[in-house]
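The values are calculated or read from the model by the stated rules, or taken from the named source; none is laboratory data. All figures in this text were calculated on a predicted structure; none of them were measured in a lab. So basically every Cβ, Gly included, is an ideal-geometry build from the backbone, and we count neighbours across all protein chains shown.
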Amino acid sequence: MASEKWPEAGKRSLIGKRLTRLDGAMKSSGRAKYTYDVSRKGLLHGKLVFSPHAHAKVVSIDTSAAEKMPGVKAVQLMIEPGKEVQWQGQEILAIAAETEEQARDAARAVKVQYEKLPHFVVDASPEKAGSNGRPLAEQVTGNPDQGFKEAEVTSEGTYGAPVITHCCLESHGQVAEWEGDNLRVWASTQNVSGISGEISDGLKKGGVDVPASNVQILTPVMGGGFGSKFNADTWGVACAQLAKKAGRPVKMMLERDQELMAAGARPSIHARVRVGAKKDGTITAWSSESWGTGGVGPAGNPILPYVFTRIPNRRSRHTRVNTNTGPARAWRAPNHPQMCLITMSALEDLAAQLQMDPLDFFLKNLPFVIEARAESYRQELLKGAEMMEWKKKWHPRGDKTPGHIKRGLGLSIHTWGGGGHPSNCNCTIRPDGSVEVFLGSQDLGTGTRTVIAMVAGETLGLPVTGVKVNIGDSKFPPSGASGGSTTVGGVSASTRRATTNALNELLAKVAPSLGVEPDKLEAKGGTIRVIDDASKSLTWKQACAKLGATPITASGQRAPSGPDGLISSGVGGIQMAEVSVDIETGIVKIEKMVAVQDCGLIINMKTAESQVNGAMIMGVTYALYEEKLMDEVTGQCLNPDLEFYKLAGIGDVGNFAVHFMTGAGYDERGVIGLGEPPVISPGAAISNAVANAIGVRVPTIPITPEKVLAALETTPRPPSAGSEREGGAA
């Protein structure tokens, strides 16, 4: 019988190859139908009314004028008078009308009276946060005071990353349509199998009792989520309520300003860090006080130092700052990019104090990283140095060459989990030879559909075109949300098991006609044949014809927890950046970025590289451009649009080089998710490269021209070799 284990390197027909995505042509030609493209008979358009204030009490809501306007068919309150709004952009009510323009005009006609309340919108220091700050318990390991006494060189600095938003190409939204007591929702979601219950619960609270089994979610394609689209959200429930009231389908997609103000953001983290080492570069102590905001709710507890969690003497304390801004949501590798920036910046500043090449410094201190990752990091750092020509290009901090263009190198190390989520798959083999697999998963645009086809094709000995992949429907076998880099592990394991089980049923049917036991057969090259004897074989269609009139349907599962021989978790990676900085204008240009990453067994090398390239583009964007700007006086967001909320363009990203750690020692681990890890290090690597280029640290990202020029004007140059300095980052 066929084994569910992944085939060995020399026996793979599809896995590990570079295959173009199955839906690439459909998407690039515009034929793919996203939620915004859904048009149902009698479709109405929904718009939201949201709070213009950061903090206020809703005194009254008057919708009478709006309800009388042309085209208006339904109004749904989302907050009752007497309640408080906690951020600019919080939803007040939704309106459905015949056209977008009519809905927008009606939304403007709604009269809401507010009683403004005091607000706090900036993640100030813990001292300035006052009652808005919530200090968490101090974490102490070893004896930090003694560790600093043993240090021969110390460095201090303040580092930080601001609040940024997700900027999904496709905004949040959905189309809701009722058929009797059944609700169908086309949603832009990364949780196809999970939000039916949320919508059901929300409707019940509003007086509409519909079981989750009656709510069907459809997401054939979607335009990005990055962690912001796990939930049904208030607007998802409101859209279904409008459709129920109007008796017609309703489409409601967020406008870009609502998207940036209310649909999620990555929390900020700032920190004051002190770190000490021996003159040979051995780290002896770490101390940090950090703070940050996730808006009105918690933003997690960052662990500092990052990756170097085995430094023997360390102390860290974090303060959560509550602000009247939109709530935080998971943002590709939650908290990791921020923790990485702070840690790697502080350690590179220490290396500069030591006048030590940071590559040598990081290699020397690998005993202090996560133990299981140490050897991988060593190999990755050496490979990255080779790709970057590090030893040829690196120079001590501050480029002394003539002219106003200064070049520099920086590096960073990161880690991630990436285990698979729970997933179920059904595989059907029909007598005519057609094959279909069914999973209630979603493809965020990462190539999940293609990965599933490759796993199924590998198992059944078919090309990817020989398998029809059905995903994006909550009526299919449930699969987990796409978060934490868990999708590829979950769906590949469940698909492998379902297709193996189906194949074994087919082999049992075929074996008598080939005169052997089923365990002597294999599926290969579009045939069912005797192992090591291709002369005894049937074509795939001939074999399937043996089923008579009864197809085979088999299921497979990635269990919710416990060990799984097909997948694992825990990866490490490094990145290096080369930048040039114009010290007259402050403009930073990315010359080259190198990423070296392990992620276990790679299913599709082409999409894996695409994941890393996309992550580095996001990294360049948050390192140099992104920041959600809040006005302390008015409490309003100053840049809720893509004109002033800056993102990197094609000319801003430089040249990328990607290398995967594969082969012996890596492939045997099975599949591990790749979505998050490569987005973690770019900010730190770029920040370190800028410091290496200009000789001073720009303490916070984004590294704008203004910040570069300010750092050059106000920060002293690094001291002479071997000296000790307290205060001011090197």
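Quick notes
- Total residues in the stretch 665-707, condition on the phi > 0 side of the Ramachandran plot and either in contact (Cβ under 8 Å) with a residue 12 or more places away in the chain or surrounded by 24 or more Cβ atoms within 10 Å (Cβ to Cβ) (or both): 2
- Contacts under 6 angstrom Cβ, first residue in the stretch 72-88 being charged (D, E, K, R), partner crowded, with 19+ Cβ neighbours inside 10 Å, 6 or more apart: LYS73/LEU44; LYS73/ALA96; LYS73/ALA246; LYS83/VAL58
- Filtered residue count, the stretch 40-66, keeping only those that are touching a residue at least 12 places away in the same chain (Cβ under 8 Å) and not in a strand (DSSP E or B): 12
- If you check THR309, THR325 for being surrounded by fewer than 21 Cβ atoms within 10 Å (Cβ to Cβ) and of a type outside the set (A, V, I, L, M), only one passes: THR309.
- Test: residue in the stretch 246-264 that is surrounded by 24 or more Cβ atoms within 10 Å (Cβ to Cβ) and among the polar types (S, T, N, Q): no
- So THR495, is it crowded, with 24+ Cβ neighbours inside 10 Å and over 16 Å from GLY556 (Cα atoms): no
- When VAL612, VAL653, VAL658 are checked against the criterion of being among the aliphatic types (A, V, I, L, M), out of contact with any Ser or Thr (no Cβ under 7 Å at 6 or more places or on another chain) and over 21 Å from MET454 (Cβ atoms), a single residue qualifies: VAL653.
- Neighbours by Cβ (under 9 Å, 6+ apart or cross-chain): first from the stretch 122-134, on the phi > 0 side of the Ramachandran plot; second surrounded by 14 or more Cβ atoms within 10 Å (Cβ to Cβ) and not in a helix (DSSP H, G or I): GLY130/PHE120; GLY130/ALA124
- Where strands (runs of 3 or more DSSP E) fall wholly inside the stretch 389-456, no range has 2 or more residues that are of a type in the set (Gly, Ala, Ser) and more than 26 Å from the chain's Cα centre (by Cα).
- Among the residues of the stretch 54-84, the one identified as within 22 Å of MET261 (Cα to Cα), in contact with a helix residue (DSSP H, G or I) (Cβ under 6 Å, 6 or more places away or on another chain) and not polar (S, T, N, Q) is MET78.
- Checking each residue in the stretch 505-547 for being charged (D, E, K, R) and at positive phi picks out only ASP532.
- Test: residue in the stretch 602-623 that is over 24 Å from the mean Cα position of the chain (by Cα), assigned by TED's automatic domain parsing to the domain that holds SER412 and within 30 Å of ILE686 (Cβ to Cβ): no
- Residue in the stretch 367-376 that is in the same structural domain as ARG669 (by TED's automatic domain parsing), touching a helix residue (DSSP H, G or I) at 6+ places or on another chain (Cβ under 7 Å), of a type in the set (D, E, K, R) and under 25 Å from ARG669 (Cα atoms) present: no
- When we screen GLY651, GLY663, GLY619 for residues that are in a helix (DSSP H, G or I), within 28 Å of GLY384 (Cα to Cα), at pLDDT below 95 and among the small types (Gly, Ala, Ser), the only hit is GLY651.
- Of ASP233, ASP201, all but one fail to be surrounded by 19 or more Cβ atoms within 10 Å (Cβ to Cβ) and either at positive phi or modelled with pLDDT of 95 or more (or both); the exception is ASP233.
- Of everything in the stretch 148-165 that is surrounded by 24 or more Cβ atoms within 10 Å (Cβ to Cβ) and small (Gly, Ala, Ser), the residue that is farthest from the chain's Cα centre (by Cα) is SER155.
- Only one of the numbered conditions (1) surrounded by 20 or more Cβ atoms within 10 Å (Cβ to Cβ); (2) out of contact with any Ser or Thr (no Cβ under 8 Å at 6 or more places or on another chain); (3) farther than 28 Å from ASP582 by Cβ is violated by VAL369, and that is (2).
- Counted residues, the stretch 44-66 - those being within 21 Å of GLY247 (Cα to Cα), surrounded by 15 or more Cβ atoms within 10 Å (Cβ to Cβ) and over 33 Å from the mean Cα position of the chain (by Cα): 2
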